[in-house]
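Every number here is computed from the coordinates shown, using simple stated rules; none is lab data. Since the model is a prediction, treat every value here as computed from it, not as a measurement. Cβ atoms come from the backbone with ideal geometry, glycine included; neighbour counts cover every protein chain shown.
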Amino acid sequence: MRKVECANQKKNAAACTCTYLSCERHGICCACIAYHRASDQLPGCLFPPEAEKTYDRSVRNFVRAMTGKT
Ligand code: SF4
């Protein structure tokens with residue numbers, strides 16, 4: 001991945017609920033969204049905590065977490 005600079009990275013990272021802290025996109029929201037969108041996924045910050053920590057970023061896991069339906 002090309003190194004992306006973001007003036008707001010520290011501020012974004014401090015507020016981000018994604019627990020994969022070693023990710024090079026952490027706090028660089030545009031890169032995070034683009035990365036997951038390219039795989040039909042959602043960024044970790046959208047998931048409730050129990051679902052987020054599975055690191056399954058699929059739309060299916062998001063719907064399951066938010067509705068209880070698969
Ligand atoms: S949601 Fe994915 S790309 Fe974004 S910071 Fe977490 S692990 Fe990295």
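Structure data summary
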| item | result |
| --- | --- |
| Only one of Arg37, Arg57, Arg64 that is surrounded by 12 or more Cβ atoms within 10 Å (Cβ to Cβ) and more than 8 Å from the ligand (Cβ to nearest atom) | Arg64 |
| Cβ-Cβ under 8 Å pairs, at least 6 apart or on other chains, the range 1-27 side of a type in the set (S, T, N, Q), far side surrounded by fewer than 13 Cβ atoms within 10 Å (Cβ to Cβ) | Thr17/Pro49 |
| Close pairs (8 angstrom Cβ cut-off, 6 or more residues apart or separate chains): β-branched (Val, Ile, Thr) in the range 47-70, assigned to a loop (DSSP other than H, G, I, E, B) and surrounded by 12 or more Cβ atoms within 10 Å (Cβ to Cβ) anywhere | Val59/Leu42 |
| Unique residue being out of contact with any strand residue (DSSP E or B) (no Cβ under 6 Å at 6 or more places or on another chain), near the ligand (Cβ under 8 Å from one of its atoms) and part of a loop (DSSP other than H, G, I, E, B) when the list is Cys23, Cys6, Cys32 | Cys23 |
| Members of the range 21-70 found to be under 19 Å from Glu5 (Cα atoms) and touching a His at 6+ places or on another chain (Cβ under 7 Å), listed by number | Pro43 |
